[in-house]
Amino acid sequence: MTYKVIAKKLHSSPRAVAKALSMNPHPTKMPCFRVVLSNGKIGGYNRGKKKKAELLRKEGAVIKKGKILNFAKKAIFN
């Protein structure tokens, strides 16, 4: 899922969604790490990009240079 898709559903902005997710007190129980940028880059995470990439890789994502490979095939855009 992307910040942009969530923002559209909430009639908000992607930045507002990112800000709200950054305040998630339980980021692994409520998996906000699965939300990425529309261009396939992993984006930020309140526990660091390295941790976000690690969690995404555990779920099967292949990441090179901060970007998910084959992102368009795996992302939920609606």
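Of all residues in the stretch 28-48, at least one satisfies being without any contact (Cβ under 8 Å) to a residue 24 or more places away in the chain, among the basic types (Lys, Arg) and surrounded by 12 or more Cβ atoms within 10 Å (Cβ to Cβ). Could we say that Ala61 is surrounded by 10 or more Cβ atoms within 10 Å (Cβ to Cβ) and either in contact (Cβ under 8 Å) with a residue 24 or more places away in the chain or of a type in the set (Gly, Ala, Ser) (or both) here? The answer is yes for Ala61. The helices (runs of 4 or more DSSP H) falling completely within the chain that include 1 or more residues that are of a type in the set (Ser, Thr, Tyr) map to 3-10, 14-22.
The numbers here are math on the coordinates, done by the rules we state, and not lab data. What you see is a predicted model; the values in this text were computed from it and never measured. Cβ coordinates were reconstructed from backbone atoms using ideal geometry, including for glycine residues, and neighbour counts include every protein chain displayed.
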